[in-house]
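Notes for the one structure printed next.
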Amino acid sequence: SAVYSIEAGQYQVELTQGEWIVEYALSDSKQIWEEFEISSDMNVQFEFVTSVEVSGTVYYEENSSAIFNPDEGKVIGADTLINFDWDGFSTTATTNESGHFIVTLPEGATVDATVEGLIAGLVNGTKFTVSSGMEEIVMVATPGTTVFGLVSVSRANNFYTSELVGWEQLTVSAQNDDYDVTWRKTVDDLGKFQMILPNGEWTFEVIGSDFDVSPATKAIDAENFSVEMILSPPNGTLSIEMFMDNSGDLNASNGTPVSYGFEIIPSSQAGMGKNITYDALEWSREGLAEVSLEPGSYSVSVSISDATEGDLFGTMLSSQILPFDIALQGGTVDRIAAFLPEWRVSISLTNQFGGILSGQEFKLINTETGWTQTHITDSNGSWSDHISQGDWILNVESLTNSEGATETLRAHIVSSSENASADLSYATIEVSALTVSLTDGQGSPLVGKNIVAVSEDGLGEVELTSTNASGISEVQLFPGSWTMSMETEQDGIKWILGPSNVLLSSGENGQFNFTADRFAEVSGNVFWDLNDNGVYNIGEGIDNASVQISDIDCDNVVESDQISFLTDSSGYYSDYLTIDSNYCLEVSAEGFESTSQDIELGNSSIVLDSVMLAELVQVGGQISYIDADQFSLISDTVILELIPTSDYIRDRISPEKTIVDGEWNGNWTATVEPGDWIIRATSEEHGLVAMSLVSAEVIQGGYSDMDLVTGGWALIETQWLDYEGVSMTLSDVEDSELNINMGAGISWIANLDEEGSTRILLPGGVIDVSSEFTTLQRGLNMTYSGGQAIGVEASQETPVITVSHSRIPFRELTLAVIEGTGGDANHDGGITDLLVTKNNESMGFNPVEFVLSADYLGHEPLDTFAAQATVPGTDGSEWQVEFHNGSGVWNSSMSFELGLDNALTTSDLHVRVTPPNQSVAHSLTQGHSIILSFYTSDGYSEEINVKVRIPQIHDFSLVSLDSVYGVSPGEEIQIPLEIRNTGNGDERYEFDYDDSELPEGWERTGSTSHTVPPFTTTTHSINVVAPENATGEYTVYATVTDKAGNSYPEIEINVAISNPVVSITSQELLTGGDNAVSNRVNSFVVTIANDGLVDAIDVELNATLCTDLICTNEVIMDTAIGDVPANSVVNFDIALDLDGINPGNYYLNLEINESSVDGEVVPFEPNQGGSVNLVVSSPAVESDSSWIGYILGALIIAALAMLTRPRSRRPNAPF
């Protein structure tokens, strides 16, 4: 709606592009009626025109032959709608309870006024010219006929619906030479319109359509009341590019164009599909089809090509072809059909004597990816299929010919567009048999090694069978030139056989002797020992260190004989060297001192870590205090110290002060190992301190400036209690460390006195003090830790802070099974793996028992352990696990105590496991793992597993099977056998079929085995194919055997030739009763039965309302489509819209479209002709004119509601 701006005095509104009409009445005499078109932002001015208030009365006369007498008072009643149309504009008015109406219209307009009665088909049309002072309009509505109209697109019954892209609402006009009035009605979104017209010959036209449409002329009466007009919009074009997607990028420019037949399928009512063959005229060039289509929604379907039928390429799409719409305005839609690059390969195989190799297995091996496909030739020794573009090796494993000789085949095949039409023929030839002997340098056989043979004739590579205990491998290869090589590594030893060429011919080729060289791995880490523990730790590796290995001792190294490489980011290096040799390992890295060491390499790999010492670097800085004069006063009392951070194990260093003219100017220097240091400057006499971090980089060193500040004294003591409660300090612990951390990387190990204490001057702030150590208590290594945050204030001394240490709790329990009883004595699984026995009286299983021991390795005086059990698996919740700790009383839980002040071991933990009954417990291949957990209240737990096995019970049952299954001639049926594994373990059933009763031409296929989980029902299917001329009923017999060899009763599967036999069995109104009601939608339920053994798919039911028994005059119809399964009945829903249908006697014709049923359709003839008598009643009335009263009542209520609705208008807006 428009928004009025008071400031601008204008209306503002946002509109879409197109034609618009503005209509408004300012007053009884001023109106706007304007049409305009908008394509961009615009300003439009409209002028009010003089208008006239036109009034009139609508009467009715139900007898069209009678002379109208207004004195009879037959007024139409309230709320009857009158339409007024002129010059492309329209408005409406409604009558009041006296049939009177008032409407404001522009002066001078010639207006068509039309009225249609709600019931009984009353109609009137009146033309008049609007003028000032004109007389009142009198309209007399007389009986007419309701016209049901349809606008279609391109062809009949193709409705003009809003689903069509570019749809716009249309208006239909109706004209008759006997009337000067034009009737108009809009077309709804289903392409339908409905108007009431006087009987006579009428011409119908679509007004203002952009599409060609021919007028329709028809004589309208009670028996002819439908009309259809067909729009003729332009066709659109589908442009589809079809290509082999060689690069997988859906780009036709780098693909190979191909042409293949496809189907265009309409996906809505609108549109007409097409089948485009590979040689159709729509192909403008190879790979490009341009198809003319009428408007509608479509999808494209490309069937899978068949190499056996000669299709040269595969049509497996690499991406879905997107659905599309052809708009009413036409245009071109672009789509691509990108196929995976697969080309036809056709092969025929014979033996060396020309014999056909039928049913012969062969492999195709992709030379690039190694992907291997296995195929089998047909009865003619042939095979055809589409395979991925590229180079392939055809390989036939050894086979024995009629003379007992072994043959083989190996060939190079290229799948490509150039070779797709070729039919390839290959013949096997006698293999080359040879013996390969593989030894090491000492002549000892190499066992379990695999030599790789690479064909010099382009036939790929073959891994030979592993050498046996004698180092021998018996080999069969395709004759030709082969290169033998090997490189294999295991446990740090590498064997290398250099390339050796052999030329092989068919037959025996004797023995080939090969010697492989043995190499051992030399590996290690080059590292900088930051924590000074003498071994490599994570984070200490030196990246890009240069490693040189020479095959001579370090005193005689010649640079040209060296092997050089760099360490990785963790400092790791590795290389394989010839065994039983001496080498020199040299390592160098910038900023570190080079190292070397001699290597004596024997038969095994060795690990050599190389510690590198960083070269000393210069560090320095400047100490300041207020200004130079103030600094000179205190400089002599300042003590400097370089302290390694707590990450490094190094000695403290005293830096050298820089003296100039006998005075220290605050500068200092020192030579240190690279790493992080803390420069500490103190003047205890003046209470001054400064501390900062100096990062001494390798090669570059480091520098730090800092200012002395007034510090505070921290007094720290340490304390801990041993296991017996005796108080100790850190001085009682060997190699103890107290770490002081100021943050920002400034963290160091404090110097403690013999009392385990320290007094230290520090900058103000909060510091963290912590320590952790391990000490021997009661013969066990126990760990203590402690920490404290200390606040240091300038010019103050803290109270004595005691850092107390507590023992870290440690709990550890080791569990062992020492006895297992109650299982099957014939099961040899040990005491932790028991097989239960069946208890057939209770239909359950006998329990088994375990006895466990527990050893306490923790540090606590007393720990209480509780026990619980978990049984994983679907049946786990049904298992019962019980415990007792020597009491003999079984419970679901148990507790016991162990500790340093109690017993340290127990051997009296008893566990009893009872499985569920036989109908629940599963027999698992690996058995049930019973998880026994022992835990304390503070979260420690330890668990041990025992295994309990359930013996497998084998069983089988057939759950359901129809007495007979139907199949149509020339069709295939899938027969579902609903089977159940009533046993308790995974079962593999083998199905042995006897289909000897099936005549020639019938075929039975399907899987011959089925693996089913325990207690599970599933479907096993077999397929039966009947030939085109098949008749009769036959039986296929199935015998089922489980994996234990048990057989079960024979299953008889009866198959009969049948077709659907469909018939209409009944029909009734959904609301009940016998009569339909006019002017509303009436729903019917029609029951269709299928007495055949074959499903009826997409059965089409047509329901037509007719005026006569044989249905020569149709009134209205509906169609329903659905499936009717074999031996079933299905209800179909039919809806007939009887709006505008006069009450009377009609016939409902019900018919099944025979073309929709591939079988028999039984005619529906309850009253003959497929029709049943149907009375259409009007809403109940007491006299011929009583309907007027009902209408008037309804219209008065509606009018009152309209009159009481509030109206509003924006203040200051002109309208």
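Quick one: Asn1046 ticks every box in (1) outside the structural domain of Phe1164 (by TED's automatic domain parsing); (2) more than 40 Å from the chain's Cα centre (by Cα); (3) at positive phi; (4) in contact (Cβ under 8 Å) with a residue 24 or more places away in the chain except a single one, so which number is it?
Asn1046 satisfies every listed condition except (3).
Which condition from (1) surrounded by 20 or more Cβ atoms within 10 Å (Cβ to Cβ); (2) within 60 Å of the chain's Cα centre (by Cα); (3) among the polar types (S, T, N, Q) is the one that Ser695 breaks?
Only one criterion is unmet by Ser695, namely (1).
Restricting attention to strands (runs of 3 or more DSSP E) lying wholly within segment 95-149, give those where 3 or more residues are farther than 20 Å from Val52 by Cα and outside the structural domain of Asp1139 (by TED's automatic domain parsing).
The qualifying strands (runs of 3 or more DSSP E) are 122-129, 137-143.
For segment 695-716, give me each residue that is assigned to a strand (DSSP E or B) and not small (Gly, Ala, Ser).
Of everything in segment 695-716, those that are assigned to a strand (DSSP E or B) and not small (Gly, Ala, Ser) turn out to be Glu697, Tyr703, Asp705, Met706, Asp707, Val709, Thr710, Trp713, Leu715, Ile716.
Just to confirm my filter: which strands (runs of 3 or more DSSP E) fall fully inside segment 216-295 and include at least 3 residues that are closer than 30 Å to Phe148 by Cα?
216-220, 226-232
For (1) modelled with pLDDT of 95 or more; (2) small (Gly, Ala, Ser); (3) touching a strand residue (DSSP E or B) at 6+ places or on another chain (Cβ under 8 Å), each residue gets a yes or a no:
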site	(1), (2), (3)
Phe845	yes, no, yes
Asp855	yes, no, yes
Glu860	no, no, no
Thr874	no, no, no
Gly886	no, yes, yes
Val889	no, no, no
Met894	no, no, yes
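If I ask for residues that are in contact with a Pro (Cβ under 8 Å, 6 or more places away or on another chain) and surrounded by 14 or more Cβ atoms within 10 Å (Cβ to Cβ), which ones from segment 275-293 would you list?
Answer for segment 275-293, where residues must be in contact with a Pro (Cβ under 8 Å, 6 or more places away or on another chain) and surrounded by 14 or more Cβ atoms within 10 Å (Cβ to Cβ): Gly287, Leu288.
Of everything in segment 70-94, what is among the β-branched types (Val, Ile, Thr) and assigned to a loop (DSSP other than H, G, I, E, B)? Give them in sequence order.
Ile76, Thr80
Identify all residues within segment 1104-1132 that are touching a Ser or Thr at 6+ places or on another chain (Cβ under 7 Å), surrounded by fewer than 18 Cβ atoms within 10 Å (Cβ to Cβ) and farther than 30 Å from Glu971 by Cα; write none if there are none.
Across segment 1104-1132, the qualifying residues are Leu1109, Asn1113, Glu1114, Met1117.
So is Tyr298 touching a Phe, Trp or Tyr at 6+ places or on another chain (Cβ under 8 Å), aromatic (Phe, Trp, Tyr) and either surrounded by fewer than 16 Cβ atoms within 10 Å (Cβ to Cβ) or at positive phi (or both) or not?
Judged against the criteria, Tyr298 is not a match.
Report the residue count in segment 634-647 for those that are more than 60 Å from the chain's Cα centre (by Cα) and surrounded by 12 or more Cβ atoms within 10 Å (Cβ to Cβ).
Total meeting the criteria: 7.
Of everything in segment 911-927 that's part of a strand (DSSP E or B) and among the hydroxyl-bearing types (Ser, Thr, Tyr), which residue is nearest to Lys1043 (Cα to Cα)?
Among residues in segment 911-927 that are part of a strand (DSSP E or B) and among the hydroxyl-bearing types (Ser, Thr, Tyr), the one nearest to Lys1043 (Cα to Cα) is Ser923.
Answer with yes or no whether Val881 is over 24 Å from Tyr940 (Cα atoms) and in a strand (DSSP E or B).
So Val881 fails the test.
Out of Leu1138, Leu1101, Leu1150, report the one residue that is crowded, with 17+ Cβ neighbours inside 10 Å and free of Cβ contacts under 8 Å to residues at least 60 places away in the same chain.
Of Leu1138, Leu1101, Leu1150, the one residue that is crowded, with 17+ Cβ neighbours inside 10 Å and free of Cβ contacts under 8 Å to residues at least 60 places away in the same chain is Leu1101.
Conditions (1) assigned to a loop (DSSP other than H, G, I, E, B); (2) within 30 Å of Thr308 (Cβ to Cβ); (3) within 42 Å of the chain's Cα centre (by Cα); (4) modelled with pLDDT of 95 or more, marked per residue:
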residue: Gly404; (1), (2), (3), (4): yes, no, no, no
residue: His412; (1), (2), (3), (4): no, yes, yes, yes
residue: Thr435; (1), (2), (3), (4): no, no, no, yes
residue: Gly443; (1), (2), (3), (4): yes, no, no, no
residue: Ala453; (1), (2), (3), (4): no, no, no, yes
residue: Asn468; (1), (2), (3), (4): yes, no, no, yes
residue: Met484; (1), (2), (3), (4): no, no, no, yes
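Step by step: first the residues of segment 958-977, then only those that are exposed (fewer than 14 other Cβ atoms within 10 Å of the Cβ) and under 25 Å from Thr1041 (Cβ atoms), then the one that is nearest to the chain's Cα centre (by Cα). Which residue is that?
Per the criteria, the residue is Gln974.
Considering only residues of segment 605-652 that are among the charged types (D, E, K, R) and in a loop (DSSP other than H, G, I, E, B), which is nearest to Glu673 (Cα to Cα)?
Per the criteria, the residue is Glu615.
Please go through segment 472-509 and give me each residue that is of a type in the set (A, V, I, L, M) and either in the same structural domain as Glu397 (by TED's automatic domain parsing) or free of Cβ contacts under 8 Å to residues at least 24 places away in the same chain (or both), ordered by number.
If the condition is that a residue be of a type in the set (A, V, I, L, M) and either in the same structural domain as Glu397 (by TED's automatic domain parsing) or free of Cβ contacts under 8 Å to residues at least 24 places away in the same chain (or both), then Ile496, Leu503 are the ones that fit.
Criterion first (of a type outside the set (D, E, K, R), surrounded by 21 or more Cβ atoms within 10 Å (Cβ to Cβ) and either in contact with a strand residue (DSSP E or B) (Cβ under 9 Å, 6 or more places away or on another chain) or more than 30 Å from Thr332 (Cβ to Cβ) (or both)) does Val172 satisfy it?
yes
Please find, within segment 78-97, the residue that is surrounded by the fewest Cβ atoms within 10 Å (Cβ to Cβ) out of those that are out of contact with any Ser or Thr (no Cβ under 7 Å at 6 or more places or on another chain) and over 26 Å from Glu37 (Cβ atoms).
Among residues in segment 78-97 that are out of contact with any Ser or Thr (no Cβ under 7 Å at 6 or more places or on another chain) and over 26 Å from Glu37 (Cβ atoms), the one surrounded by the fewest Cβ atoms within 10 Å (Cβ to Cβ) is Glu97.
The values are calculated or read from the model by the stated rules, or taken from the named source; none is laboratory data. Being a predicted model, the structure only gives us computed values, none of them experimental. Note that each Cβ is placed from the backbone with ideal geometry, even for glycine, and that neighbours are counted across all protein chains shown.
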